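The values are calculated or read from the model by the stated rules, or taken from the named source; none is laboratory data. From a predicted model like this one, the values you see are computed outputs, not experimental measurements. Virtual Cβ from ideal backbone geometry, glycine too; neighbours counted across all protein chains shown. Surface accessibility is based on the protein's heavy atoms, side chains included, excluding ligands, DNA and RNA. Shrake-Rupley method; radii C 1.70, N 1.55, O 1.52, S 1.80 Å.
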Amino acid sequence: MILLIDKMKKVIPAICVVATALTISAATPDFGRMVDNLAAKIDGVKTESATLSADKAALKAEVAPADPEVEFEYLWPSSAGELNRWSAGVSQELPDFRKMAATRRVVRSIDTLDILVRSVSRTEAVYEAEQRLITLIGAHRELAMLREIHRNLDSLTVAYTRAWEKGEVNILDLNKIKIEHARASAADDEAGGKVAALTAEIIALSGGTISADDLAQLDDYPMYQLPTDGHGCSDKEGMMEGVVRRSPQARMLTAREAVLDSKIDLASKNRFPRLTLGYVHAYEDGTHFNGLSAGLSLPVFSRKSTVEAAVCEAYAEKSANEQKLNAMIAEANAACARAHTLAKLLSKMGPAVGNSNNERLLRMALDGGEITLLQYLQELSYFVEAGREYEASRLEYALILSSLARWSE
């Protein structure tokens, strides 16, 4: 019993460290490098960036000078004595400079969108990488706690088995220790399996740029500051709304709308006619003729539908973006509120959970015969569960602060 108490006095204070209300302790310096390596592999910017490049190329192709058109005509007479007639010509549609200028404006807006898409994609990739690594850190800390408890119960089981063989304790006390030992062993195995699964998943996603040895070094959470007034996450009404509206994610939505607005302007340029000029050479009745040809397109039927299609597409995009922005604000506000709740919980719970008087009082009660072994194990289990709850809150706090960081400019 004394052996268990002495060891548990070392375990619980080590895992139930007091956290401040605004910060999380620093992680290993390799955390940032691992985040970069993992984010580089899961960043999906190439797909959308290639789509935007294809859109730009298609727009440029539409306003590129039309290919010259060559025509040739040859006529045979239906009566004898008449000469054959033929004509040849080459024509070229003149560029629509108004449409070309509008297209350049669309391309510039797409370039702006592409920059924001790359920024947001990188931010989201970093966020996903941090979430996975922080989750692994939480699993490491839980496993370390459970393994220490398991080792303590290993020693206590051996001590009680020897004491029972000497007749110093009864079989019921020995069975109590064995039951707790079995529970600790199962919890240890479950936590070890969770760590192994998370480790294998991260290694696979990183493409082998992160090793199991690298991940094994992660034992504490990265340092984040809870944003305060002026930076967004306050405990007042509005919370993160201002931060989200200034975020790259919100600016990306606005850039998408700007692209579609410029496409409306481009579609409106289809109302102008297109002019075609050409040179013609004809041979009739033994005489050669040289001349010019001219053509003019009349966009009577299609121009209205083209503009309406662009307007409807822009309206649909703006409606969807408004819903997305509201959802982002709601998500960020909920995370901010939860972060403040957890910060208060950690600041209040930390000193109580890490207070070694709990174990000392339990030892005094057990040595003085005031509680039985079963009561001692129950009380000890209570403080162990409190430690696990505290660590779970620290993990949630670290995950939430990581999620709030992605809205920063």
(request) Check THR157, THR199 and return the single one that is within 41 Å of the chain's Cα centre (by Cα) and of a type in the set (Val, Ile, Thr). (result) THR199
(request) Find all pairs meeting these conditions: Cβ atoms under 8 angstrom apart; at least six residues apart or on different chains; first residue within region 376-395 and open to solvent by 50 Å² or more (accessible area, probe 1.4 Å); second residue not in a helix (DSSP H, G or I). (result) GLU379/ILE371
(message) So, in region 44-96, exactly how many residues are in a helix (DSSP H, G or I), surrounded by 12 or more Cβ atoms within 10 Å (Cβ to Cβ) and among the small types (Gly, Ala, Ser)?
(response) 2
(request) Please work out which residue is farthest from LEU380 (Cα to Cα), limiting yourself to region 159-195 and to residues that are surrounded by fewer than 13 Cβ atoms within 10 Å (Cβ to Cβ) and either among the β-branched types (Val, Ile, Thr) or touching a His at 6+ places or on another chain (Cβ under 7 Å) (or both). (result) ILE171
(request) Report yes if ARG122 is in contact (Cβ under 8 Å) with a residue 60 or more places away in the chain, more than 26 Å from SER206 (Cβ to Cβ), open to solvent by 80 Å² or more (accessible area, probe 1.4 Å) and basic (Lys, Arg), otherwise no. (result) no
(request) Output the number of the condition that HIS288 fails; it satisfies all remaining conditions of (1) exposed (fewer than 14 other Cβ atoms within 10 Å of the Cβ); (2) over 23 Å from MET100 (Cβ atoms); (3) in contact (Cβ under 8 Å) with a residue 12 or more places away in the chain; (4) not small (Gly, Ala, Ser). (result) (3)
